[in-house]
1. Can you tell me how many residues within segment 1-35 are touching a helix residue (DSSP H, G or I) at 6+ places or on another chain (Cβ under 6 Å) and either of a type in the set (Lys, Arg) or part of a helix (DSSP H, G or I) (or both)?
2. Are there any pairs with C-beta distances below 9 angstrom linking a residue in segment 34-58 that is assigned by TED's automatic domain parsing to the domain that holds residue 20 to a residue that is part of a loop (DSSP other than H, G, I, E, B) and among the polar types (S, T, N, Q), with the two at least 6 apart or on different chains, and if so which?
Amino acid sequence: MGRAILIIGAAALAVGVIVYSLIECARTDSAAMRGLRKGGWIAVIVLLPLLGALLWLFLGRPRGTADSSAPARGKGPDDDPQFLRNLEERRRQQEQAEKLRRWEEELRRGDGSTGGRPGPAGPGNGSPGGSPGGSSAGRADDASDDSPGKNRPPRD
């Protein structure tokens with residue numbers, strides 16, 4: 001009974017080594033292989049099952065592939081940290097460009113709405129710091145005021 005288990009275990013190990021060698025050989029780049037070409041190594045593994053698999057593992061495999069089970073880095077763009085940084089930077093630039101475009105549009109329209117931002121202190125908008133002469137409530141435009149927001153066309 002003990003011998004049967006030993007024989008079955010050895011056969012399973014041999015089949016595992018052969019299958020592993022075939023898969024690794026098929027996935028390896030042809031230019032990186034040592035000795036034979038890819039087709040030649042596959043033929044050796046299939047025709048000389050255990051010996052061919054061991055020859056592949058010790059003589060045919062490219063050097064430095066001891067950990068071939070490690071996933072290759074950067075397979076997709078969402079796995080690349082540099083791509084993600086560039087994507088985030090591009091998104092920020094687009095947001096700023098859109099914000100600038102909206103601000104320029106507001107200035108062109110001259111509607112006086114500030115989109116939730118505090119407006120410049122000046123007459124007519126209810127903020128402190130109106131014209132030195134007093135209140136300007138009721139006037140549409142104050143030509144004597146040199147504040148930055150007053151170079152707008154008259155409102156309709």
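1. Result for segment 1-35: 8.
2. What qualifies is 38/28; 41/28.
The values are calculated or read from the model by the stated rules, or taken from the named source; none is laboratory data. Small disclaimer: the values here were computed from a predicted structure and weren't measured. Virtual Cβ from ideal backbone geometry, glycine too; neighbours counted across all protein chains shown.
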